[in-house]
Amino acid sequence: MKKTHFIGGLLIAATIIFATTVFAHGVEVPVGSKNLKIFKHAQEMPIASMNEPGVNAYFQDIVGSGDPKAPISCGLFKIEKGNPLVYTYDYDDTKIILDGHIYFSDGTQKVKGEKGDVMYFPKGSTITFSTDDSGLAYACGQRKLF
């Protein structure tokens, strides 16, 4: 019985390590690929800290194109209660809220994005992200994988 638990534990650990390795920087799809890609349960994957001191913000690429002329990369963005994140975009980006809510401000307006809402951030915009609880969004931008 103990051997079974040990082997089960090893399999779980190997799965976690594999998933973390696969999603570490996202998967680049080669130019010319015609194969469908699926990332099951991506919403449950670990999301890396954005390493902004005092800010509880996280981002993780999932997939991106290998096309140098028209790159596109998509991933998950999460923010939790705490100091706001201020980010200036050097690419066009979109987010769709998957869970919770996120406040977005461009300096002239502040909106509350809730589940199902889509936000668009043009290149050059500076956006302040905040929440009084937590929010999770799927992000897709015209950029190479981070």
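The values are calculated or read from the model by the stated rules, or taken from the named source; none is laboratory data. Everything numeric in this text was worked out from a predicted model, so none of it was measured. Note that we place each Cβ from the backbone using ideal geometry, even for glycine, and neighbour counts take in every protein chain shown.
Residues of region 51-85 that are surrounded by fewer than 17 Cβ atoms within 10 Å (Cβ to Cβ) and either in contact with a helix residue (DSSP H, G or I) (Cβ under 9 Å, 6 or more places away or on another chain) or over 22 Å from Glu114 (Cα atoms) (or both): Asn51, Glu52, Pro53, Gly54, Gly66, Asp67, Pro68, Lys69, Ala70, Pro71. Of the numbered criteria (1) in contact with a Phe, Trp or Tyr (Cβ under 9 Å, 6 or more places away or on another chain); (2) among the small types (Gly, Ala, Ser); (3) over 19 Å from Asp92 (Cα atoms); (4) part of a loop (DSSP other than H, G, I, E, B), the one Gly124 fails is (3).
Basic (Lys, Arg) and within 28 Å of Val29 (Cβ to Cβ): does that describe Lys110?
Working: basic (Lys, Arg): yes; within 28 Å of Val29 (Cβ to Cβ): no.
Against the criterion (basic (Lys, Arg) and within 28 Å of Val29 (Cβ to Cβ)), Lys110 does not qualify.
Quick one: in region 108-132, of everything that is over 22 Å from Asn56 (Cα atoms) and over 19 Å from the mean Cα position of the chain (by Cα), which residue is surrounded by the fewest Cβ atoms within 10 Å (Cβ to Cβ)? So the residue we want is Thr108. Conditions: (1) at positive phi; (2) surrounded by 14 or more Cβ atoms within 10 Å (Cβ to Cβ). Gly32 meets all but one. Number of the miss? That leaves (2) as the condition not met.
Being in a loop (DSSP other than H, G, I, E, B), of a type in the set (A, V, I, L, M, F, W, C) and more than 15 Å from the chain's Cα centre (by Cα): is that true of Ile38 here? Spelling it out, Ile38 is indeed in a loop (DSSP other than H, G, I, E, B), of a type in the set (A, V, I, L, M, F, W, C) and more than 15 Å from the chain's Cα centre (by Cα). Among the residues of region 13-56, write down those that are hydrophobic (A, V, I, L, M, F, W, C) and either modelled with pLDDT of 65 or more or within 17 Å of Asp67 (Cα to Cα) (or both). Matches in region 13-56: Val27, Val29, Val31, Leu36, Ile38, Phe39, Ala42, Met45, Ile47, Ala48, Met50, Val55. Scanning region 83-106 for residues that are farther than 11 Å from Gly141 by Cβ, among the charged types (D, E, K, R) and either within 16 Å of the chain's Cα centre (by Cα) or assigned to a strand (DSSP E or B) (or both) returns a single hit, Asp99. Filtered by the rule that a residue be free of Cβ contacts under 8 Å to residues at least 60 places away in the same chain, part of a strand (DSSP E or B) and farther than 15 Å from Met50 by Cβ, region 64-82 gives a lone residue, Ser65.
Would you confirm, using the coordinates I've provided, whether Lys144 is more than 15 Å from the chain's Cα centre (by Cα) and either more than 15 Å from Ala57 (Cβ to Cβ) or outside any loop (DSSP other than H, G, I, E, B) (or both)?
Details: more than 15 Å from the chain's Cα centre (by Cα): no; either more than 15 Å from Ala57 (Cβ to Cβ) or outside any loop (DSSP other than H, G, I, E, B) (or both): yes.
No, not satisfied.
Within region 49-63, work out how many residues are in a loop (DSSP other than H, G, I, E, B) and closer than 19 Å to Thr94 by Cα. Don't jump to the end; show me each part of the working.
So in region 49-63, the residues in a loop (DSSP other than H, G, I, E, B) come out as 50-56.
Adding the requirement that they be closer than 19 Å to Thr94 by Cα leaves 50.
The total comes to 1.
Residues that are of a type in the set (A, V, I, L, M, F, W, C) and in contact with a Ser or Thr (Cβ under 6 Å, 6 or more places away or on another chain) within region 119-146 comprise Cys140, Leu145, listed in sequence order.
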